[in-house]
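Enquirer: Handing you a structure now.
The values are calculated or read from the model by the stated rules, or taken from the named source; none is laboratory data. Predicted model only: the values in this text are computed from it and were never measured. No Cβ is skipped: glycine too gets one built from the backbone with ideal geometry, and neighbour counts run over all protein chains shown. Heavy atoms of the whole protein, side chains included, go into the accessibility calculation; ligands, DNA and RNA do not. Shrake-Rupley method; radii C 1.70, N 1.55, O 1.52, S 1.80 Å.
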Amino acid sequence: MIWRVETTHALWLLAVPVGALMVAAGARRTGLPAPLILVIAGLGVSFVPGVPEFELDPEFVLYVFLPPLLFSAAWQSSFSNLRDNVWSIGLLSVGLVLFTVFAVGYAAHLLIPGLPLTAAFVLGAIVAPPDAVAAVSVAQRLGLPRRTTTVLVGESLFNDATALTAFRVALIAATGAGFTLMEGIGRFLFAAAVGAAVGLLLGPPLHWLRTRLDDPLVENGIVLVAPFAAYLLAETAHASGVIAVVVSGLYLGHRATESAAVTRLIGHSFWKIMVFLLESVVFLLIGLQLPPILNELSERSWQQLTWWAVAVFAVTVAARFAWVFPASRIPRLLSRRERESEDLGWRGLTVVSWAGMRGVVSLAAAFAIPFTAGGEPFPGRDLILFLTFTTVLGTLLVQGLTFPALIRLLGIGGDRERYTDTVAEAGAQHAAARASLERLEELNAAEDLDAAVVERLRQIAEHRQMGAWERLGGGTGPAGEELPTATFRRLRREMLAAEREVFVRMRDERRIDDAVLTRVMHELDLEEVALERG
């Protein structure tokens, strides 16, 4: 009987990632934002009879889910772009978070009878950090300007550190331990400084080790361990694990160009799969949290709960608008680089203000609230859990579902930037191809190479040089005719398909082993990926 019970639980645990992948796949096929559909699906499944309650373990979320998601986002971020927008990002990831803590805290204290101000600040710290995963995925899909996307990504990387530090300070106050404002500021500065130091100390030796192993699997294994190591080391030192993960991810991602090509290919594919799976499971779990939260509120009035939920949600959204527009002028006063950059304008600021969807970090923090404070039940713990869930759900559904429409309505797009990038890429490809041809001629003069080999290499370089400029026209000429590089890619793909058929047929006829098939298929796949990239 014990074995059957454990097996049943294991099957339910398996059903979560399987269900998340199925829902995410359906959302991707229909073009709908996967995070929002996953939350709705989880919410619907949570009310199905027989489905057990899935209560988030805050330690599991913060130590298992958060590090790889943050690390992957930092790894893929542009250090240069983040540095250029450091003032804007800092005002959002630190200033806005603290402003939201106080705005939501005071509003909740005034609205909810009997909720102490310290407990209200705990609620404010919990709902303060936006989770920009959904916003950034929509922004990239709809082609938001690069600066807007950079600001949103930068905010999402660092705001969790501010919010979690504020949450810990608020918990200390709510549990009766004495502290002053200066002590709270000191805790934050210590957590940020030591967390950044851990990330900086961890990054260089890991990079040094990766570049000397010459083993793609081991190199990527080290990168997989890095976010967990950074988080645990920083948290052990009572510092910010979030900042340690982000700093180490930015460093290693910036130096990733020094790794071998195969290492980068494997790592890119691995992290895409890892992030896709973790994000799918996380957003489904958000929707599954409602039943255990509702069980604690059975004795409260639904009219009151609804009013409080709407009010906290409204204050959370309004606080972002109230901060973003006035604070947007500060970076231009403090930084010449900000003054020389393109202004976001009221349209861009509106998009940034509306991109405040909350996520799993808020729920994990809410479940981390202790049940007792000073020997007494923690004041309003069940209510804080409920208001956190309704705020997360409200921002994901209301803001998330309307975010694409808002972008289209405001007419914001990155078409000019995409064209500029294509021109810049074509120029860089042209210069690189010319350098490769010059190097080929030097080697030919020094080694007297075979003429056929030299000519073939020259054709490849000229093909890449020509293709870079042809991409400016989308692969077609003025009259819509197919250009040479497009013809080359189409014909080469057909040739690769014919080669695959032969290899598979020979495997089926037992004329070659599966190991041989795997090796040659990998080579053909790499070439086809290169063609698709072109």
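Enquirer: Round to the nearest 0.05 the FRET efficiency obtained for L297 and T372 when R0 = 22 Å and r is the Cβ-Cβ distance.
Expert: Working: r = 19 Å, r/R0 = 0.86.
Computed FRET efficiency for L297 and T372: 0.70.
Enquirer: Here's a follow-up. Specify which labelled value, from (i) 18, 49, 26, 7, 0; (ii) 17, 40, 30, 10, 3, 0; (iii) 19, 46, 25, 9, 1, 0, agrees with P(r) over Cα pairs in 20 Å bins from 0, in percent derived from the coordinates of the model shown.
Expert: Read-out taken from this structure: (i).
Enquirer: Give me the percent of accessible area attributable to carbon and sulfur for the range 212-360, probe 1.4 angstrom. Walk me through the numbers before you get to the answer.
Expert: Working: 4530 of 7100 Å².
Using a 1.4 Å probe with all protein chains present, the range 212-360 comes out at 64 percent carbon and sulfur.
Enquirer: Taking each pair of distinct Cα atoms in the range 312-387 once, what is the resulting Kirkwood hydrodynamic radius in Å? Mind showing how you got there, number by number?
Expert: Values: mean 1/r = 0.0646 Å⁻¹.
Across the range 312-387, the inverse of the average 1/r is 15.5 Å.
Enquirer: Another one. The range 161-265: which GluC sites (Glu not before Pro) are DSSP loop and have at most 13 other beta-carbon atoms within 10 angstrom? It would help to have the intermediate numbers written out before the result.
Expert: On the way: sites: E183, E219, E235, E258; in loops: none.
When the GluC sites (Glu not before Pro) of the range 161-265 are filtered for loop state and at most 13 Cβ neighbours within 10 Å, nothing remains.
Enquirer: If you roll a 1.4 angstrom probe over the protein chains with everything in place, what fraction of the accessible area of the range 484-533 belongs to carbon and sulfur, to the nearest %?
Expert: 55
Enquirer: Can I ask one more? Among A260, V281, W308, whose Cα sits farthest toward the positive end of the charge dipole of the chain (+1 at Cβ of Lys/Arg, -1 at Cβ of Asp/Glu, about the Cα centre)?
Expert: Among A260, V281, W308, the one farthest towards the positive end of the dipole of the chain is W308.
Enquirer: Once you have the Cα-Cα distance between A237 and D513, take 0.36 nm times their residue separation minus that, and quote the gain in nm to one decimal. Show your work: numbers first, answer last.
Expert: Details: separation 276, 0.36 × 276 = 99.36 nm, distance 5.33 nm.
Full extension from A237 to D513 adds 94.0 nm.
Enquirer: At a Förster radius of 35 Å, what calculated FRET efficiency corresponds to the Cβ-Cβ distance of A260 and V18, to the nearest 0.05? Don't skip to the end; give the middle numbers.
Expert: On the way: r = 35 Å, r/R0 = 0.99.
Calculated value: 0.50.
Enquirer: Separate question: With runs of 4+ DSSP H residues as the only contributors, calculate the mean residue ellipticity of the chain at 222 nm using -39,500 (n - 2.57) per run, divided by the residue total and rounded to the nearest 500.
Expert: Working: 25 runs with 406 residues, N = 534.
Result for the chain: -25500 deg cm²/dmol, rounded to the nearest 500.
Enquirer: With a 1.4 Å probe and every protein chain left in place, work out the accessible area per residue of the chain in Å², rounded to a whole number.
Expert: Details: 26980 Å² over 534 residues.
Accessible area per residue: 51 Å².
Enquirer: Which distance in nm do the two modelled labels at L410 and R492 give, with both placed 7 Å along the Cα-to-Cβ direction?
Expert: Computed distance between label sites L410 and R492 equals 4.1 nm.
Enquirer: Quick one: length gained pulling A452 to L200 fully straight, 0.36 nm per residue minus the C-alpha distance?
Expert: 85.7 nm is the gain from fully extending A452 to L200.
Enquirer: Along the Cα→Cβ direction, 7 angstrom out, place labels at L110 and I273. What is the inter-label distance in nm?
Expert: Distance between the two pseudo-spin positions: 5.3 nm.
Enquirer: Please compute the Kirkwood hydrodynamic radius over the range 484-533, one decimal place, Å, based on all pairs of different Cα atoms. Please report the intermediate quantities before stating the final value.
Expert: On the way: mean 1/r = 0.0870 Å⁻¹.
About 11.5 Å, per the Kirkwood formula over Cα pairs.
Enquirer: Sticking with this structure for a sec: Sort out the exposed loop trypsin sites (Lys or Arg not before Pro) in the chain (DSSP loop, at most 11 other Cβ within 10 Å) and tell me the longest stretch that has none. All intermediate terms of the calculation are to be shown ahead of the outcome.
Expert: On the way: sites that count: R329, R510, R511.
Result, exposed sites excluded: 1-328.
Enquirer: How big is the dipole moment of the range 484-533 about its Cα centre under a simple scheme where the beta carbon of each Lys and Arg is +1, that of each Asp and Glu is -1, and everything else is neutral? Debye, nearest 20, please.
Expert: In debye, rounded to 20, the range 484-533 gives about 160.
Enquirer: Given the whole protein assembly as supplied and a 1.4 Å probe, what does the accessible area of M182 come to in Å², nearest 10?
Expert: 140
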